[in-house]
1. Under 7 Å between Cβ atoms, at least 6 apart or on separate chains: pull out the pairs that start in region B:334-347 with a residue that is farther than 11 Å from residue B:32 by Cα and end on any residue that is in a loop (DSSP other than H, G, I, E, B) and charged (D, E, K, R).
2. Every residue in region B:212-262 that is part of a loop (DSSP other than H, G, I, E, B), of a type in the set (Asp, Glu) and buried (at least 24 other Cβ atoms within 10 Å of the Cβ), please.
3. Restricting region B:25-66 to residues that are surrounded by 14 or more Cβ atoms within 10 Å (Cβ to Cβ) and of a type in the set (S, T, N, Q), which is nearest to the chain's Cα centre (by Cα)?
4. Looking only at helices (runs of 4 or more DSSP H) that fall completely inside region A:16-79, which ones have 1 or more residues that are among the basic types (Lys, Arg)?
5. Can you tell me which residue is surrounded by the most Cβ atoms within 10 Å (Cβ to Cβ) among those in region B:115-141 that are in contact (Cβ under 8 Å) with a residue 24 or more places away in the chain and more than 12 Å from chain A (Cβ to nearest Cβ)?
6. Quick one: how many residues across region B:361-381 are under 13 Å from residue B:301 (Cβ atoms) and in contact with a Phe, Trp or Tyr (Cβ under 6 Å, 6 or more places away or on another chain)?
7. Collect the residues in region B:16-52 that are more than 19 Å from residue B:359 (Cβ to Cβ) and among the aromatic types (Phe, Trp, Tyr), keeping them in residue-number order.
Amino acid sequence: MSDIATRVKKIIVDKLGVEEAEVTNEASFTNDLGADSLDTVELIMEFEKEFNISIPDEQAETITTVGQAVAYLEEHAKV
Amino acid sequence: MQLKRVVVTGIGALTPIGNNLQEYWNALINGVSGADFITQFDASKFKTRFACELKNFDPLNYLDRKEVKRIDRFTQTAIISSDQAVIDAGINKDNVNVDRVGVVFASGIGGLITFQEEVVNFAKGDGTPRFNPFFIPKMILDIAAGHISMRHGFRGPNFAVVSACASSTNAIMDAFNLIRLGKADIILTGGAESVISEAGVGGFNAMKALSERNDDPKTASRPYDKERDGFVMGEGSGVLVVEELEHALRRGAKIYCEIAGCGATADAHHITAPHPEGLGAKNVMNVALEDAGMKPGDIDYINTHGTSTPLGDIAEVKAIMDVFGEQAFKVNISSTKSMTGHCLGAAGVVEAIACIQSVVHDIVPPTINHFTDDPELDSRLNFTFDKAQQRTVRAALSNTFGFGGHNACVIVKKYEA
């Protein structure tokens, strides 16, 4: 697992209070990990903070699974 | 329309001197002080470095990690004490009509700690707004009532009540009125407060409202002592399950007491100072007695607002002398804030619980920390100094007053069929 993927999953475990094993690439934040709309906003904010970037709202709306988040951040992260 | 009778059938308490009803009552009648040095933040530069904090309180013992992060401390205490009260009352969503079970819940300030954290966080940044999406729903004062209803599935009337340090007495009054008017079968009511933070302590310090007795925190809350120098901030939560009498009898509920009457008035005088003659306080006791259909001679115990401030204690006692006349020398008076500190928006319910237990057990909890008589107070008054006193307590009256000049009073009495 890439360094970015590890950090992304750590944030998800922390914010959503889920088990690490549940945080698979295919897992959907809302359908599989119990996130509501406020949780997903918080996750995006945490990603921005952790990776020192700003994720535009229209991009954020397309990030709905763990794998999509990792892919987006691997492409855009500045760290 | 015949008003219905209202009884208390469940109690929850999370206080600086006990984390449930039994612990709280034992501490009250044994004269335990809840004051100590502040642990929740570094208070070394503050004029007041002590408070009555909750002890051995870990929200993770009651709530999961995700809940703890998205729920402010005041709401955490509200949820925990309401769980206790619901269990004590033996109610759940399957044995009551959930559409007729409400939550009327108070706080004086709400999520000040959350507000402080979020604003400090923003101020440290470069101006880019990065507010947490849970900021507002975590901070707002009414969210405690919302969380309690969600946790238990109670769908009746649901709202918050605010009148600063009178808040939870006003909440009890609203709950009492809803039930006696037949608008609900059961209401969970009470209040919660937790503002022992830089903003909370700093704000009250700036008003010179807090005791600064840093060399002896445990004796700092000393209502009616000549050397009193301000209140000691407390925190916590209390919950009453108030229920329509026939409903309680039908389900065989344990009945602690009956709520006899309530009152609410304003000083219309000053934002923070009490009326010097205790006018609003006098009126509120008269209104409550009239509502209860009682005379001063029917009251055996007055749990005062008695915050340990120089002006407030005097004004309230003047009001008691006016309302009770000669009877003032026959009642027991005490300020349990000498032990719990001033739990602000939760004070009313925490003290109503002291009154209820007093009526149940025929014991009056003391005013601790008495060292020097105040010559301005009539020495014939019985302030129940230092030791609990046993006596028959047919009825007890609880006063609470809030910044803004709000006064609220509730009277509880022994339940008789």
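Taken together, the values in this text are just the output of simple stated rules run on the coordinates, not laboratory data. Quantities reported herein were computed from a predicted structural model and do not represent experimental measurements. Here the Cβ is made from the backbone with ideal geometry for all residues, glycine too, and neighbour counts use every protein chain on show.
1. B:343/B:235
2. B:235
3. Here the residue is B:33.
4. Passing ranges, in order: A:37-51.
5. Checking each candidate, the answer is B:141.
6. Qualifying residue count for the region: 2.
7. Once the filter is applied, which keeps residues that are more than 19 Å from residue B:359 (Cβ to Cβ) and among the aromatic types (Phe, Trp, Tyr), region B:16-52 yields B:37, B:41, B:46, B:50.
Residues checked against (1) more than 14 Å from every other protein chain (Cβ to nearest Cβ); (2) among the small types (Gly, Ala, Ser):
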{"position": "A:2", "(1), (2)": "yes, yes"}
{"position": "A:6", "(1), (2)": "yes, no"}
{"position": "A:43", "(1), (2)": "no, no"}
{"position": "A:49", "(1), (2)": "no, no"}
{"position": "A:75", "(1), (2)": "yes, no"}
